[in-house]
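The values are calculated or read from the model by the stated rules, or taken from the named source; none is laboratory data. Remember, predicted model here, so these are calculated numbers, not experimental data. Positions of Cβ are backbone-derived with ideal geometry, glycine not excepted, and every protein chain shown enters the neighbour counts.
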Amino acid sequence: MSTATIVKLPPQETASLPKRSYLNNEYGLKSWLLTGDHKRIAILYLISITFFFFIGGAMAGLIRLELLTPQSDLMATDTYNKVFTMHGIIMVFLFLVPSVPATIGNFVIPIMVGAKDLAFPKINLLSWYLYIAGGIFTLAALILGGVDTGWTFTTPLSTHYLNTHVITAGLAVFIAGFSSIFTGLNFIVTIHRMRAPGMTWFRLPLFVWSHYAASILMVLGTPVLAITLVLVILERTIGIGVFDPVKGGDPLLFQHLFWFYSHPAVYIMILPGMGVISEVISTFSRKRVFGYTAVAFSSVAIAVFGFFVWEHHMFIMGVSNYSALVFSLLTMLVAVPSAIKIFNWAATLYKGSITFETPMLYAFGFMGLFTIGGLTGVFLGSLGMDIHLTETYFIVAHFHFVMVGGMLMAFLAGIHFWWPKMTGRMYPEALSKLAALVTFIGFNLTFFPQFIVGYLGMPRRYAAYPPEFQVLNILSTAGATVLGVGYLLPMIYLTWSLKYGKIAGSNPWQATGLEWQIQSPPLTENFIETPIVDHEAYDYEWLAHKTEHEVQTVG
Amino acid sequence: MHFISPVLWQFLVNWLTHFALFPPEASGIAPYTDALYFFLVLISLVGMAIVTLLVVLFSVLYRKDRNPEATQIEGSTLLEATWTIIPLALFMVTFVWGALLYFRIYNPPTNAMNIYIVGKQWMWKAEHPGGQHEINALHIPINRPVQLTMISQDVFHSFSIPAFRVKREVIPGRYSTVWFEATKVGTYHLFCTQYCGTLHSGMIGQIVAMTPDDYQAWMAGTTSGASLSQNGERLFASFGCNSCHSGNADAHGPNLAQIYGGKVQMSNGSFVTVDDAFLRDSILNPTMHQVAGYAPIMPTYQGQISEEGLIDIVEYIKNLNSNYRIQQTLNTSQVQSTAPAATAAGQISGPGMVKP
């Protein structure tokens with residue numbers, strides 16, 4: 001591998017963190033808990049989602065341990081059901097949905113558009129408190145004895161046949177949903193109204209475009225989930241019977257409503273990740289993203305088509321054959337913009353000047369794993385194929401390739417990319433490259449065997465399984481162990497870097513975004529004076545010219 | 001390896017000797033599903049190879065050591081159109097192929113034999129027309145299309161036979177159907193694949209595909225004495241259905257003989273095909289399924305008849321060719337219960353309609 005690097009750090013003997021920044025502007029717990037600063041809220045989010053990620057991860061570890069043997073022997077089947085339910089609820093609603101938008105997006109979007117903060121700083125803080133309230137309800141459901149509906153809350157199981165804490169868990173998701181709506185609302189208004197002079201729509205970094213698309217999904221989709229959960233809670237408490245066939249209700253209606261949110265939710269999770277990949281690939285190949293407009297509009301296309309494919313979760317549920325046709329067709333169409341993005345990123349590398357810092361390694365990992373995740377999605381979108389594959393481990397493998405292989409890789413790429421900006425310090429490069437490699441290997445070992453065991457027919461959510469599936473499950477559990485190490489490593493060295501990391505300087509990657517033109521960590525008000533934008537996104541000539549100019553005036 | 005961990009070694013040996021990428025192909029449809037799967041795996045491999053090749057090739061050719069200065073390229077409409085249209089075309093092929101397969105799997109041939117399946121937490125009950133009952137097992141003949149009419153009596157379940165490549169959700173409150181034609185004698189897995197609570201992973205069973213002769217022998221050896229329609233006839237009389245659906249000219253309810261499979265006109269003027277679902281819904285929710293020309297006097301039987309009972313009655317009506325036996329039963333029961341009927345029965349309910 002190439003040893004060349006673009007990392008430019010200030011001379012370490014003389015360098016120090018800036019005297020004033022958002023981190024030391026004010027002190028004390030109160031200054032954090034009552035802050036309106038988008039950067040501090042981003043840090044609050046980062047700490048909270050990391051906490052929930054490790055709880056959800058521990059649940060995943062328990063699942064994999066149970067599945068080492070064909071019998072249900074580590075825990076009772078009820079416990080297993082609770083564990084995978086909590087894993088799903090925590091990972092989807094408390095980690096994946098807020099992961100990139102609420103942390104990285106919150107931190108960099110206002111700076112990227114040249115604003116001092118988000119449009120509604122107090123709503124931004126409220127959104128974090130709602131997230132925490134949702135988290136507390138989730139923990140309450142967990143501590144009081146758990147919930148075993150599966151993260152999908154399927155009726156009538158969830159409404160009539162379980163005695164666990166369904167209402168607590170439902171409220172948790174309901175409340176956390178509002179946090180997501182507020183984040184989305186804030187982004188939409190900020191991107192529309194608060195761009196700096198000269199920052200036209202087509203000068204926005206693609207990260208902003210993808211967040212704009214995801215925000216639309218958050219604002220329009222999440223209320224439907226909220227309504228659905230309210231109906232489930234009302235059904236449990238006063239028995240209104242909307243989903244109860246005995247009272248003339250329709251249990252399939254629940255599926256329609258739930259997936260009307262939960263399919264777009266997949267794009268809420270993945271679009272911000274795609275934004276990260278655009279930034280990283282451009283920076284480390286020193287090139288404007290190939291076909292900027294196509295990539296920007298493909299985000300919007302994914303958001304629009306994403307709303308019209310939900311029924312592909314229900315192909316075997318006795319929906320009309322002809323409506324299944326329509327939804328299968330639309331599912332095929334939504335795959336196209338994703339393919340465009342992958343090829344455009346690959347083409348961005350062409351004639352670039354490529355270096356292989358840690359964020360770039362994660363981005364390469366994303367491209368490989370997301371491609372597999374996306375292509376296996378085509379398997380599932382194809383009607384006849386879906387019959388055999390749905391509700392098996394094939395689908396588990398598919399969405400983990402997209403969500404973990406895609407989104408989590410993108411999140412880690414983003415965290416490693418913007419870490420110097422957030423903290424002002426670098427992490428140990430060799431160790432972080434190792435972590436990226438370990439994660440990639442562990443991931444493939446964990447989830448690739450699940451495609452095979454899924455095609456063999458192993459159903460998902462089984463605590464016990466026929467013995468012929470054991471070896472593939474052992475491989476998967478072994479992989480999960482490696483993957484666990486891959487996630488613990490960044491946790492350790494990033495914490496270490498807070499005190500001992502090298503001083504990063506304002507622009508260690510020589511990147512073009514506005515956030516890289518200000519000090520690291522930034523001032524509370526981001527910019528001393530409002531920037532005036534006179535160049536396109538990813539204009540490396542502009543950056544070179546600017547750097548030269550600076551050297552002349554300073555030297 | 002076996003010095004390090006004998007257990008692991010045994011697994012590996014076991015796995016390598018029984019390594020399978022596919023479940024057995026034991027139904028008529030399985031080769032078709034696998035063909036589409038191969039096609040999809042192939043385009044995935046090609047797609048992956050292209051992406052990997054591009055990334056690796058460019059990483060080698062244009063790494064900073066070799067190419068210190070990047071050349072800025074705006075984009076290329078032609079290239080972008082290429083990688084929009086080619087995937088789109090492949091996805092369209094997949095769509096059409098998948099749709100054809102879906103219609104083949106979910107549209108049963110008319111000559112299929114019918115078996116009823118009732119799913120409940122956490123077992124599968126199969127009811128053969130001849131009255132054979134099975135739990136967590138299903139015996140079927142090979143080389144003959146078999147249709148399953150399935151319903152759940154509690155939550156969502158899903159009936160999955162990986163070796164046949166078929167699966168269908170089993171839904172509370174409505175019939176769903178699936179069909180297959182087994183091609184190989186053997187015993188195959190039956191899984192519930194929709195999460196249904198505590199013992200979801202215990203809701204499994206065996207599909208036993210037998211030669212037609214063995215199947216006949218099994219049928220003869222397992223019969224419980226009464227066929228489904230005989231059970232249905234008994235229920236039909238005991239719920240007093242026969243008092244209104246007697247087939248007489250002045251009857252309160254429509255004539256049910258030979259009604260199955262035809263069309264009836266509803267009181268709102270529309271025409272509806274009489275199938276299993278229609279019959280079931282008419283029993284449970286009669287006011288919503290009012291046949292033209294009759295007064296809405298039928299009471300609901302919601303909560304009074306089990307799903308198995310409903311299946312029996314549906315099966316009975318399906319096979320009802322004449323009203324001769326209804327009238328026979330009616331005459332007998334009227335003679336027997338004249339005394340209580342006079343006091344207990346209201347104006348709309350006949351003597352047999354009193355709850356058993």
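Data table
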item: A:Lys351 vs. criteria touching a helix residue (DSSP H, G or I) at 6+ places or on another chain (Cβ under 9 Å), of a type outside the set (S, T, N, Q) and buried (at least 24 other Cβ atoms within 10 Å of the Cβ); result: no
item: Residue within the range B:171-178 that is surrounded by 23 or more Cβ atoms within 10 Å (Cβ to Cβ), among the hydroxyl-bearing types (Ser, Thr, Tyr) and within 12 Å of chain A (Cβ to nearest Cβ) present; result: yes
item: Residue match in the range A:436-449 (condition: within 23 Å of the chain's Cα centre (by Cα), assigned to a helix (DSSP H, G or I) and at the interface with chain B (Cβ under 10 Å from one of its Cβ atoms)); result: no
item: Hits in the range A:516-551 - residues which are closer than 19 Å to A:Phe417 by Cα, within 14 Å of chain B (Cβ to nearest Cβ) and in a helix (DSSP H, G or I); result: A:Tyr540, A:Leu543
item: Enumeration of residues in the range B:273-298 that are more than 15 Å from B:Tyr175 (Cβ to Cβ), more than 14 Å from chain A (Cβ to nearest Cβ) and surrounded by 13 or more Cβ atoms within 10 Å (Cβ to Cβ); result: B:Gln290, B:Val291, B:Ala292, B:Tyr294, B:Ile297, B:Met298
item: Extreme residue, nearest to B:Leu190 (Cα to Cα), among residues of the range A:452-478 that are of a type in the set (A, V, I, L, M, F, W, C) and more than 7 Å from chain B (Cβ to nearest Cβ); result: A:Met458
item: Test for A:His400: is it under 18 Å from the mean Cα position of the chain (by Cα) and either part of a helix (DSSP H, G or I) or under 19 Å from B:Met48 (Cβ atoms) (or both); result: yes
item: Those residues of the range A:43-73 which are of a type in the set (D, E, K, R) and free of Cβ contacts under 8 Å to residues at least 24 places away in the same chain, in sequence order; result: A:Asp73
item: Failed item, numbered, when A:Asn163 is tested on (1) free of Cβ contacts under 8 Å to residues at least 60 places away in the same chain; (2) in a helix (DSSP H, G or I); (3) surrounded by fewer than 24 Cβ atoms within 10 Å (Cβ to Cβ); result: (2)
item: Count of the range A:339-378 residues which are facing another protein chain (nearest Cβ under 8 Å) and of a type outside the set (A, V, I, L, M, F, W, C); result: 9
item: Matching residues, the range B:286-311, being assigned to a loop (DSSP other than H, G, I, E, B), touching a Phe, Trp or Tyr at 6+ places or on another chain (Cβ under 9 Å) and over 18 Å from B:Asn255 (Cα atoms); result: B:Tyr301, B:Gln304, B:Ile305
item: Residue among B:Val93, B:Val155 that is over 21 Å from B:Val314 (Cα atoms), β-branched (Val, Ile, Thr) and assigned to a loop (DSSP other than H, G, I, E, B); result: B:Val155
item: Test for B:Leu61: is it within 7 Å of chain A (Cβ to nearest Cβ) and out of contact with any Lys or Arg (no Cβ under 7 Å at 6 or more places or on another chain); result: no
item: Of all residues in the range B:299-309 being without any contact (Cβ under 8 Å) to a residue 40 or more places away in the chain and under 25 Å from the mean Cα position of the chain (by Cα), the one that is surrounded by the most Cβ atoms within 10 Å (Cβ to Cβ); result: B:Gln302
item: Looking only at the range A:24-41, and only at residues there that are hydroxyl-bearing (Ser, Thr, Tyr) and more than 22 Å from A:Phe187 (Cβ to Cβ), the one that is nearest to the chain's Cα centre (by Cα); result: A:Ser31
item: Condition broken by B:Gln121, with the remaining ones in (1) surrounded by 20 or more Cβ atoms within 10 Å (Cβ to Cβ); (2) more than 14 Å from the chain's Cα centre (by Cα); (3) of a type in the set (S, T, N, Q) satisfied; result: (1)
item: Residue among B:Thr82, B:Thr33, B:Thr71 that is part of a helix (DSSP H, G or I) and over 20 Å from A:Ile452 (Cβ atoms); result: B:Thr82
item: The range B:189-206: number of residues that are in a loop (DSSP other than H, G, I, E, B) and surrounded by fewer than 24 Cβ atoms within 10 Å (Cβ to Cβ); result: 3
item: Selection count, the range A:235-256, where residues are away from chain B (no Cβ under 14 Å) and either in a loop (DSSP other than H, G, I, E, B) or modelled with pLDDT of 95 or more (or both); result: 2
item: Positions within the range A:279-338 being of a type in the set (Gly, Ala, Ser), surrounded by fewer than 24 Cβ atoms within 10 Å (Cβ to Cβ), within 30 Å of B:Lys167 (Cα to Cα) and more than 10 Å from chain B (Cβ to nearest Cβ), in sequence order; result: A:Ser320, A:Ser323
